[in-house]
Structure formats: C-alpha cells, structure tokens
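Here the structure comes first, spelled out in structure tokens, and everything after it is commentary.
No lab work stands behind these numbers, since they all come straight from the coordinates. It should be emphasised that the depicted structure is a prediction, and the values quoted were computed from it without experimental measurement. Note that each Cβ is placed from the backbone with ideal geometry, even for glycine, and that neighbours are counted across all protein chains shown.
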Amino acid sequence: MTAWTCSNQIDSIENVKRKHKGHFFSPDTMRFFKSKVYEIAVLHENKWLFGTSEKGPDNVRRYTLRTIDENGTIDTITMTEFGQFKTKAQLDRYVSKLIGRKITL
C-alpha cells in the first residue's frame, strides 16, 4: 500500500479496506444495505477517498463519498452528506474537482 503522507495517489479499494477491522465491508453488511463499494480509492489529505452506494427502503440507489484513515476509521466526508449524489457520475465529478484531476472511482 502507498504511504499515507502523499496526496492524490490511487490504489484499489481492496488494498485500502484491509485497514478496516470492523463490519463495514463484510458481505452481510453489504447485502443488508444493498451496498456497492467502487473499485478505486484516492489518497487525499492523509485519508483515502472512496465511493459507495446503497439502496434504501424506497429502493433508490444513492451515492456517498467516504473516507478511511490510517487507523481504519470510515466516515462520510465532511463536505458531503450520506446519499448526497443521485448518480455515480455526480460523485466522480465531485471527487475530480476536489483532487484537481479527472477520476472515475
């Protein structure tokens, strides 16, 4: 895995999620929330950014930008809120603007 001190590095979410020791990425949790975790993670300001989507009781898929820090703590990025993005394209545009280069999570 890449060093935590560099920004805008890209890695697979598979490598990044090994830091997390909780249930966020467990198959049961993913199934319960009808979650998808997108393939690419970007290191930005000492946290990995990654995208997820979930389907709620209304069966509408919503997209969220999350972070995972060096301790494995996962959070919704402070500049967004859970399910803020209606499409994955909106999520990708937001991340691209945030990091200053085009990216598809």
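Observations on the model:
- Counting only aspartates and glutamates at least 8 places from Lys17 when in the same chain, those with an alpha carbon closer than 17 Å to its own are Asp28, Glu39, Asp69, Glu70, Asp75.
- For Ile40, the residues whose modelled amide H falls within less than 5 Å of its own, excluding neighbours fewer than 5 places apart on the same chain, are Ile13.
- In this structure, the pairs whose alpha-carbon distance is over 26 Å, taken from Lys21/Lys86; Lys21/Lys97; Lys34/Lys86, are Lys21/Lys86; Lys21/Lys97.
- For the chain: relative contact order, % (alpha-carbon pairs under 8 angstrom, 6 or more apart): 23
- Cβ charges +1 (Lys, Arg) and -1 (Asp, Glu), total dipole of region 9-99, debye: 320
- Listed by chain and number, the lysines whose alpha-carbon sits under 17 Å from that of Lys19, ignoring those within fewer than 8 places in the same chain, are Lys47.
- Gyration tensor over the Cα atoms of the chain: the corresponding equivalent ellipsoid has semi-axes (square roots of 5 times the eigenvalues, largest first) of 21, 17, 10 Å.
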